[in-house]
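Visitor: Take this structure first; my questions come after.
The values are calculated or read from the model by the stated rules, or taken from the named source; none is laboratory data. Everything quoted here is computed from the prediction, not taken from an experiment. Counting neighbours? That spans all protein chains shown, and the Cβs are built from the backbone with ideal geometry, glycine included.
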């Protein structure tokens, strides 16, 4: 695909002229003509969903955001590696984003949980937990994923605070500190390579028999990274701040932070209900323009990307909004 094709997909005009455009205020005009039917329904009103909505609102599209109000990072105290927002609370970023998005008159937020969806003649029908049904020509899933916490006491309380998944999001704050890796096999090996850049005080906890290969084990030990195969029963913590690991044999290991990447599942089942294909990793399969394998259905944010961060969610959401609008303009022209 050429650069011109990419730009066309995003609906950007290739012009050398900068013509003055009169400013028109829509602040007192409600462009929504029906409170049940929309151009686009966005399921999920966190960072990716709000970013999509802003692009579509600025394109004068009638948009409904359905959001349950439970983002997966709600326990995380600070968001990092997001330019202009570094160190801000995730909830503050979301609240500010929502207030800015709702300044566009064609955007509406409905606080509810989307539980069912079906294809209809001119688009899709989405039904919520409170048994309301809304229709739209296009769907955007910005629903995130649901982490499956391991059966270790204290893990859930520490998740997003001192049990962390991403060194780019949280590694700087625990740089040089006594840090663990709760993983096994290839994932433990990858984490060891990566996280050693932030701290040399590193220990791998396989929580049972190691599945690392001999070559991987030798390389890890050559970097003076211990591998402990004991089963973990508890993460002792104070308000989510890790103090020590407790093992099945009642021994303990002091730590300040531990990296872990638990299993996950899609937070919303509707994409699969409709027939969207998932990847081997369980993510919604999308192309470079956030299009799923089902026509007129798009996905953005954590549900379709292995790179889980606020900044990437915002970026993929913005792309999705622009692409959806461009698809509609081509259909309408």
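Visitor: Tell me which residues, restricted to region 180-190, are surrounded by 21 or more Cβ atoms within 10 Å (Cβ to Cβ) and either out of contact with any helix residue (DSSP H, G or I) (no Cβ under 7 Å at 6 or more places or on another chain) or assigned to a loop (DSSP other than H, G, I, E, B) (or both).
Guide: 180, 182, 183, 188
Visitor: Being part of a helix (DSSP H, G or I), touching a helix residue (DSSP H, G or I) at 6+ places or on another chain (Cβ under 7 Å) and outside the structural domain of residue 138 (by TED's automatic domain parsing) narrows it down to one of 225, 220, so name that one.
Guide: Of 225, 220, the one residue that is part of a helix (DSSP H, G or I), touching a helix residue (DSSP H, G or I) at 6+ places or on another chain (Cβ under 7 Å) and outside the structural domain of residue 138 (by TED's automatic domain parsing) is 220.
Visitor: Checking the conditions here, which among 49, 117 is touching a strand residue (DSSP E or B) at 6+ places or on another chain (Cβ under 7 Å) and part of a strand (DSSP E or B)?
Guide: 117
Visitor: Of the residues that sit in region 132-161 and are within 20 Å of residue 44 (Cβ to Cβ) and part of a loop (DSSP other than H, G, I, E, B), which one is farthest from the chain's Cα centre (by Cα)?
Guide: Only one residue fits best here, namely 132.
Visitor: Please specify each residue of region 195-217 satisfying the condition of being over 31 Å from the mean Cα position of the chain (by Cα), farther than 18 Å from residue 248 by Cβ and in a loop (DSSP other than H, G, I, E, B).
Guide: Filtering region 195-217 for residues over 31 Å from the mean Cα position of the chain (by Cα) gives 209, 213-215, 217.
Restricting the remaining residues to those that are farther than 18 Å from residue 248 by Cβ gives 213-215, 217.
Of everything in region 195-217, just one residue is over 31 Å from the mean Cα position of the chain (by Cα), farther than 18 Å from residue 248 by Cβ and in a loop (DSSP other than H, G, I, E, B), namely 213.
Visitor: Please go through region 128-156 and pick out each residue that is touching a strand residue (DSSP E or B) at 6+ places or on another chain (Cβ under 7 Å), at pLDDT below 95 and under 21 Å from residue 238 (Cα atoms).
Guide: Hit for region 128-156 is 149, nothing else.
Visitor: Another question, if that's okay. Which members of region 240-279 meet the condition of being modelled with pLDDT of 95 or more, part of a loop (DSSP other than H, G, I, E, B) and exposed (fewer than 15 other Cβ atoms within 10 Å of the Cβ)?
Guide: Hits for region 240-279 are 248, 249, 250, 251, 269, 275, 277, 279.
Visitor: Further question: Please go through region 102-114 and give me each residue that is buried (at least 16 other Cβ atoms within 10 Å of the Cβ) and either assigned to a strand (DSSP E or B) or in contact with a helix residue (DSSP H, G or I) (Cβ under 6 Å, 6 or more places away or on another chain) (or both), ordered by number.
Guide: 104, 106, 107, 108, 109, 110, 114
Visitor: Still on this structure, I have one more. Confirm whether residue 83 is in contact with a helix residue (DSSP H, G or I) (Cβ under 8 Å, 6 or more places away or on another chain), exposed (fewer than 14 other Cβ atoms within 10 Å of the Cβ) and in the same structural domain as residue 268 (by TED's automatic domain parsing). Before you say what the answer is, go through the steps one by one.
Guide: Numbers: in contact with a helix residue (DSSP H, G or I) (Cβ under 8 Å, 6 or more places away or on another chain): yes; exposed (fewer than 14 other Cβ atoms within 10 Å of the Cβ): yes; in the same structural domain as residue 268 (by TED's automatic domain parsing): yes.
It is true that residue 83 is in contact with a helix residue (DSSP H, G or I) (Cβ under 8 Å, 6 or more places away or on another chain), exposed (fewer than 14 other Cβ atoms within 10 Å of the Cβ) and in the same structural domain as residue 268 (by TED's automatic domain parsing).
Visitor: Here's another thing I want to ask about it. Which condition from (1) closer than 27 Å to residue 125 by Cα; (2) in contact with a helix residue (DSSP H, G or I) (Cβ under 7 Å, 6 or more places away or on another chain); (3) at pLDDT 85 or above is the one that residue 10 breaks?
Guide: With respect to (1) closer than 27 Å to residue 125 by Cα; (2) in contact with a helix residue (DSSP H, G or I) (Cβ under 7 Å, 6 or more places away or on another chain); (3) at pLDDT 85 or above, residue 10 is out only on (3).
Visitor: Please go through (1) free of Cβ contacts under 8 Å to residues at least 12 places away in the same chain; (2) not assigned by TED's automatic domain parsing to the domain that holds residue 41 for residue 162 and return the number of the only condition it doesn't satisfy.
Guide: Here residue 162 meets the rest and fails (1).
Visitor: Picking from 91, 52, 99, which residue would you name as being assigned by TED's automatic domain parsing to the domain that holds residue 312, within 18 Å of residue 317 (Cβ to Cβ), modelled with pLDDT of 90 or more and surrounded by fewer than 22 Cβ atoms within 10 Å (Cβ to Cβ)?
Guide: On the way: 91 fails: modelled with pLDDT of 90 or more; 52 fails: surrounded by fewer than 22 Cβ atoms within 10 Å (Cβ to Cβ).
After ruling out the rest, the residue left standing is 99.
Visitor: Restricting to region 166-179, count the residues that are within 17 Å of residue 232 (Cβ to Cβ) and surrounded by fewer than 21 Cβ atoms within 10 Å (Cβ to Cβ).
Guide: 1
Visitor: Restricting to region 301-333, count the residues that are in a loop (DSSP other than H, G, I, E, B) and either without any contact (Cβ under 8 Å) to a residue 60 or more places away in the chain or in contact with a strand residue (DSSP E or B) (Cβ under 7 Å, 6 or more places away or on another chain) (or both).
Guide: Restricting attention to region 301-333, the residues satisfying the condition of being in a loop (DSSP other than H, G, I, E, B) are 305-309, 333.
Still in the list and also either without any contact (Cβ under 8 Å) to a residue 60 or more places away in the chain or in contact with a strand residue (DSSP E or B) (Cβ under 7 Å, 6 or more places away or on another chain) (or both): 305-307, 333.
The qualifying residues number 4.
Visitor: Still on this structure: Which residue is surrounded by the fewest Cβ atoms within 10 Å (Cβ to Cβ), if the candidates are limited to region 57-80 and must be assigned to a loop (DSSP other than H, G, I, E, B) and at pLDDT 80 or above?
Guide: If we take residues in region 57-80 being assigned to a loop (DSSP other than H, G, I, E, B) and at pLDDT 80 or above, then 69 is surrounded by the fewest Cβ atoms within 10 Å (Cβ to Cβ).
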